[in-house]
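Following: one structure in structure tokens, then a few remarks.
The values are calculated or read from the model by the stated rules, or taken from the named source; none is laboratory data. Fair warning: this is a prediction, and the values are worked out from it, not measured in the lab. We place every Cβ from the backbone using ideal geometry, glycine too, and count neighbours over all the protein chains shown.
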Amino acid sequence: MKVKTTEHITERKDIITIRGNPVTLVGSELKIGDKAPDFTVLDGDLNETGLKDFTERVKVISVATSLDTPICYMQTKKFDQRAAELPDDIALLTVTMDLPFAISLFRASAGIDKIQTFSDHRHASFGNAYGVLIKELRLLARSIFIIDRDDIVRYREVVPELTNYYNEEKIFRYVKKLI
């Protein structure tokens, strides 16, 4: 992995590819055991929210590149369906760079009702803080983060090939162990 830091911006190469072509991730790599950084994202009504709004809850953050793509659509739809297996006090979030209006339309058309969806479009706050912002495209790398009630990162996975899907069975087994 190549790491380049300039003026407080960390760039990492050789982490992910898109159709086999390497891209650059911006932001420091979070490690298991790190304190999860706060971030600011928008809901479909343009209200700001962040990690601080989910204190004392286990947080599962599914990161999608764009809800308009088949893999991200499937990822988010399955995540919403599987949410019924978990207690109500777990915060289930999807973060994407899609516009808030597109997120609202997606929620309505896909019947998403158990998870919350947020846009990182305005500031790329989440992407930078969690190290999953794709420099060349200003999109987010497909990834998942599980953060415990004390805001400690307990699981992280950045999918190495953007066009692939993460292992949801593994994720949900892990979440169930935390609760």
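Out of region 18-49, which residues are touching a residue at least 40 places away in the same chain (Cβ under 8 Å) and more than 16 Å from Gly131 (Cα to Cα)?
Result: Ile18, Arg19, Gly20, Leu42, Asp43, Gly44, Asp45, Leu46, Thr49.
Name the single residue, out of those in region 98-134 being hydroxyl-bearing (Ser, Thr, Tyr), touching a Phe, Trp or Tyr at 6+ places or on another chain (Cβ under 9 Å) and assigned to a helix (DSSP H, G or I), that is surrounded by the fewest Cβ atoms within 10 Å (Cβ to Cβ).
Selected residue: Ser125.
Quick one: count up the residues across region 135-144 that are buried (at least 19 other Cβ atoms within 10 Å of the Cβ) and part of a loop (DSSP other than H, G, I, E, B).
Count: 2.
Would you confirm whether any residue within region 148-161 is in a helix (DSSP H, G or I), free of Cβ contacts under 8 Å to residues at least 24 places away in the same chain and acidic (Asp, Glu)?
no
Out of curiosity, is Gln81 modelled with pLDDT of 90 or more and under 16 Å from the mean Cα position of the chain (by Cα)?
No, not satisfied.
Give the number of residues within region 34-74 that are β-branched (Val, Ile, Thr) and more than 16 Å from the chain's Cα centre (by Cα).
Within region 34-74, residues that are β-branched (Val, Ile, Thr) and more than 16 Å from the chain's Cα centre (by Cα) number 1.
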